[in-house]
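Taking it in order: structure first as structure tokens, then the write-up.
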Amino acid sequence: MKNILVATHNPAKLEELRFGLKKLEELGITLLSLNDVGVEKEPEETGKTFEENSLLKAKFYSNLTGLPTIADDGGLVIPYLNNGPGVKSKRWPGYEASDEELIAYTLLNLKNVKQPQRTAYLETCICFYAPTPGVSLGRSNKLQLHPRGVVVFEQEKIKGYIAEKPTGRPTNGYPFRALFIVDEFNKYYDELTEQEHLEVNHRLKALKRLTKKLLSML
């Protein structure tokens with residue numbers, strides 16, 4: 001396995017994924033982007049969970065390119081709003097919304113709602129898929145037969161709550177970080193220091209565990 005496709009069209013997410021996978025690059029594995037392989041298509045995200053969507057995306061791009069692929073799916077979960085927006089995070093209003101629209105829509109849905117009903121989670125599920133018959137390493141680290149390919153999942157979340165107003169900082173494709181106050185530091189996600197961000201970042205934690213699993217399979 002010399003090349004792995006990192007499947008996202010979001011530049012900020014791509015940068016974060018590559019940072020979290022740098023151990024693989026240090027060992028000689030090339031991390032390719034969708035731009036590198038000339039893929040502009042996107043799959044229809046029909047999964048009902050982050051796990052289903054992450055596998056759907058990983059398989060879609062792997063089938064297009066023939067490459068082992070890493071894809072993720074995640075978003076905001078607010079228990080008070082029936083765990084919404086969940087997998088519909090980017091399409092919560094019923095269409096592909098801008099960062100500003102998503103921030104405004106979140107605040108509208110929580111108008112006059114106080115703590116603890118504003119409790120929320122930022123969740124992610126990362127999936128590695130290789131289109132060759134093999135085995136899967138599930139969350140229990142137990143090998144499972146998987147005749148259609150190699151599948152590895154990792155999930156993680158951050159607990160916090162939704163503020164009553166955004167920070168006003170640039171969102172760069174992560175609208176909910178402008179509203180999300182991290183319990184661990186009692187600070188907006190957008191206002192965490194670089195060190196605090198590294199400590200709490202759910203995607204980086206999941207990528208660290210994923211990398212360890214992949215290395216054990218090489």
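The values are calculated or read from the model by the stated rules, or taken from the named source; none is laboratory data. Note that the structure is a prediction, hence the values are computed from the model and not measured. No Cβ is skipped: glycine too gets one built from the backbone with ideal geometry, and neighbour counts run over all protein chains shown.
The table that follows gives values for the structure above.
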| quantity | calculated |
| --- | --- |
| Given (1) assigned to a loop (DSSP other than H, G, I, E, B); (2) crowded, with 17+ Cβ neighbours inside 10 Å; (3) modelled with pLDDT of 95 or more; (4) not hydrophobic (A, V, I, L, M, F, W, C), number of the condition Glu164 does not satisfy | (2) |
| Candidate set: segment 66-75, residues that are modelled with pLDDT of 95 or more and of a type outside the set (D, E, K, R); chosen: the one nearest to Thr119 (Cα to Cα) | Ala71 |
| From Glu45, Glu16, residue being in contact with an Asp or Glu (Cβ under 8 Å, 6 or more places away or on another chain), under 25 Å from Lys88 (Cα atoms), modelled with pLDDT under 95 and among the acidic types (Asp, Glu) | Glu45 |
| Condition check for Thr106: crowded, with 17+ Cβ neighbours inside 10 Å, closer than 24 Å to Ala178 by Cβ and polar (S, T, N, Q) | yes |
| Members of segment 25-43 that are out of contact with any strand residue (DSSP E or B) (no Cβ under 7 Å at 6 or more places or on another chain) and closer than 17 Å to Asp72 by Cβ | Leu34, Val39, Glu42, Pro43 |
| Residue ID - nearest to Asp99 (Cα to Cα), chosen from residues in segment 157-187 that are of a type in the set (Lys, Arg) and under 17 Å from the mean Cα position of the chain (by Cα) | Arg177 |
| Options Glu100, Glu42, Glu123, Glu51; residue that is of a type in the set (D, E, K, R), loosely packed, with under 14 Cβ neighbours inside 10 Å and within 27 Å of Arg209 (Cβ to Cβ) | Glu42 |
| Complete set of residues in segment 190-218 that are modelled with pLDDT of 95 or more, part of a helix (DSSP H, G or I) and of a type in the set (Ser, Thr, Tyr) | Thr211 |
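A quick yes/no check of all residues on (1) polar (S, T, N, Q); (2) farther than 30 Å from Ala163 by Cβ; (3) surrounded by 17 or more Cβ atoms within 10 Å (Cβ to Cβ):
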{"position": "Lys2", "(1), (2), (3)": "no, yes, no"}
{"position": "Leu5", "(1), (2), (3)": "no, yes, yes"}
{"position": "Thr46", "(1), (2), (3)": "yes, yes, no"}
{"position": "Pro85", "(1), (2), (3)": "no, no, yes"}
